[in-house]
1. What is the residue count in the range 199-225 for residues that are among the charged types (D, E, K, R), touching a residue at least 40 places away in the same chain (Cβ under 8 Å) and open to solvent by 20 Å² or more (accessible area, probe 1.4 Å)?
2. Sort out which residues of the range 246-283 are among the small types (Gly, Ala, Ser) and either open to solvent by less than 70 Å² (accessible area, probe 1.4 Å) or touching a Ser or Thr at 6+ places or on another chain (Cβ under 6 Å) (or both), and write them in order of number.
3. Of the residues that make up the range 144-155, is at least one crowded, with 16+ Cβ neighbours inside 10 Å, acidic (Asp, Glu), on the phi < 0 side of the Ramachandran plot and out of contact with any strand residue (DSSP E or B) (no Cβ under 7 Å at 6 or more places or on another chain)?
4. How about the range 102-124: which of its residues are assigned to a strand (DSSP E or B) and modelled with pLDDT of 95 or more?
5. Count, please, the residues in the range 52-78 that happen to be open to solvent by 10 Å² or more (accessible area, probe 1.4 Å) and either closer than 26 Å to Phe126 by Cβ or in contact with a strand residue (DSSP E or B) (Cβ under 9 Å, 6 or more places away or on another chain) (or both).
6. Kindly evaluate Ile139 against the criterion of being part of a loop (DSSP other than H, G, I, E, B), within 30 Å of Thr265 (Cα to Cα) and modelled with pLDDT of 95 or more.
7. Identify the single condition in (1) surrounded by 20 or more Cβ atoms within 10 Å (Cβ to Cβ); (2) closer than 25 Å to Arg209 by Cβ; (3) not hydrophobic (A, V, I, L, M, F, W, C) that Ser136 does not satisfy, given that it satisfies every other one.
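The values are calculated or read from the model by the stated rules, or taken from the named source; none is laboratory data. In this text, all values refer to a predicted model and were calculated from it rather than measured experimentally. Reconstructed Cβ throughout: ideal geometry from the backbone, glycine too, with neighbour counts over all protein chains shown. The accessibility values were calculated without ligands, DNA or RNA, using every heavy atom of the protein model including side chains. Shrake-Rupley method; radii C 1.70, N 1.55, O 1.52, S 1.80 Å.
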Amino acid sequence: MKLRSIFQAGVFASAAVLTQLASADTLERIKKSQTINIAYRESALPFSYLSESKAPVGYTIDICKKMVDALKKELKLPQLKINFVPVTADNRIQAMTSGLADMECGSTSNTADRRKLVDFTIPHFFSTLRMMVNTSSGIKNWTDLKDKKVVFTKGTSTDKFILERDKVRALHMALVEGKDHSDSFNMLESAQVNAFAQDEAILFGLKARAKDPSKFMIVGDPLASEAYAIMLPKGDAAFKKVIDVEMARLMTDGEITKLHEKWFTRPIQPNNMSLAWPMGSLLKETIRFPSDKVN
């Protein structure tokens, strides 16, 4: 094993231990303060984004509000204040490991590397990696990106898959990093890059809120499937159990299905457009057999 790999493994191990110690009493802290800290994303439509009145809204936000109701019952709290904490793709993990947030309600994929630092509840969505391009670009698939500029959002797992495809196909792509999804999309909209590679769920949301959605299209064979799940503090079994039980209930009682219909098949703000996106087979299967186990 290379020295750098050994060092990184040690960092992950140390961070995981510290996080576990720091987060062992999440329920007790929430009960004492009567406040829960929820991390959210400002531009991950339709999962977590700011409404026209600058309030956090979205599919994942609605799910997390259901979790808050479950915590009220569990802790016998008639009132439980939500303190919303804005995070980006780049600092969302740190917000969890530092104790700044008790839950992260955005569009985070459950990956093996992230599970070293945080826990995840049962997935509430599955997305594949594709790309958004200008309709007039002529780009239809990944092979069309030879010698082109491609943007991805900092802090996401997208670059790993893009680099793998670049190596296999010898495309010689120039990768550019956006600070958040809005920044990445702005680069595409202003023609600074040729394509924006990201989970298709995020791309459809950004397209829907564009001034002229017809100028953009989502293309490319899916490179990977990722499970979106709510991040939780590492090692706090009691807190995770409450969240897992409530997530399973939402699925078996049909509430997740209703929320999916609300955010993916009906008109939503800001443009009152529908994503027209029916539920995928992986989420349907998870609803039938709720589990936090992913590859």
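1. Step one: list which residues in the range 199-225 are among the charged types (D, E, K, R), which gives 199-200, 207, 209, 211-212, 215, 221.
In the following step, the residues that additionally are touching a residue at least 40 places away in the same chain (Cβ under 8 Å) were identified as 199-200, 207, 209, 215, 221.
Then drop every residue that is not open to solvent by 20 Å² or more (accessible area, probe 1.4 Å), which leaves 200, 207, 209, 215, 221.
The total comes to 5.
2. Taking the range 246-283 as the starting set, the residues that turn out to be among the small types (Gly, Ala, Ser) are 248, 254, 274, 276, 280-281.
Once the filter is applied, which keeps residues that are among the small types (Gly, Ala, Ser) and either open to solvent by less than 70 Å² (accessible area, probe 1.4 Å) or touching a Ser or Thr at 6+ places or on another chain (Cβ under 6 Å) (or both), the range 246-283 yields Ala248, Gly254, Ser274, Gly280.
3. Of the residues in the range 144-155, the ones crowded, with 16+ Cβ neighbours inside 10 Å are 144-145, 148-155.
Now restrict to residues that are acidic (Asp, Glu): 144.
Next, from what is left, pick out any that are on the phi < 0 side of the Ramachandran plot: 144.
Okay, now just the ones that are also out of contact with any strand residue (DSSP E or B) (no Cβ under 7 Å at 6 or more places or on another chain), so 144.
Yes; the residues of the range 144-155 include at least one that is crowded, with 16+ Cβ neighbours inside 10 Å, acidic (Asp, Glu), on the phi < 0 side of the Ramachandran plot and out of contact with any strand residue (DSSP E or B) (no Cβ under 7 Å at 6 or more places or on another chain).
4. Kept after step one, since they are assigned to a strand (DSSP E or B), are these residues of the range 102-124: 103-105, 109, 118-120.
If the condition is that a residue be assigned to a strand (DSSP E or B) and modelled with pLDDT of 95 or more, then Met103, Glu104, Cys105, Val118, Asp119, Phe120 are the ones that fit.
5. First, pick out the residues of the range 52-78 that are open to solvent by 10 Å² or more (accessible area, probe 1.4 Å): 52-57, 62, 65-66, 69-70, 72-78.
Now drop any that are not either closer than 26 Å to Phe126 by Cβ or in contact with a strand residue (DSSP E or B) (Cβ under 9 Å, 6 or more places away or on another chain) (or both), which leaves 55-57, 62, 65-66, 69-70.
So the answer is 8.
6. Details: part of a loop (DSSP other than H, G, I, E, B): yes; within 30 Å of Thr265 (Cα to Cα): yes; modelled with pLDDT of 95 or more: yes.
Considered against the rule, which asks whether it is part of a loop (DSSP other than H, G, I, E, B), within 30 Å of Thr265 (Cα to Cα) and modelled with pLDDT of 95 or more, Ile139 comes out as yes.
7. Evaluating Ser136 over (1) surrounded by 20 or more Cβ atoms within 10 Å (Cβ to Cβ); (2) closer than 25 Å to Arg209 by Cβ; (3) not hydrophobic (A, V, I, L, M, F, W, C) leaves (1) as the failure.
Residues checked against (1) charged (D, E, K, R); (2) more than 12 Å from the chain's Cα centre (by Cα); (3) open to solvent by 60 Å² or more (accessible area, probe 1.4 Å):
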| position | (1), (2), (3) |
| --- | --- |
| Leu100 | no, yes, yes |
| Leu117 | no, yes, no |
| Lys160 | yes, yes, yes |
| Ala174 | no, yes, no |
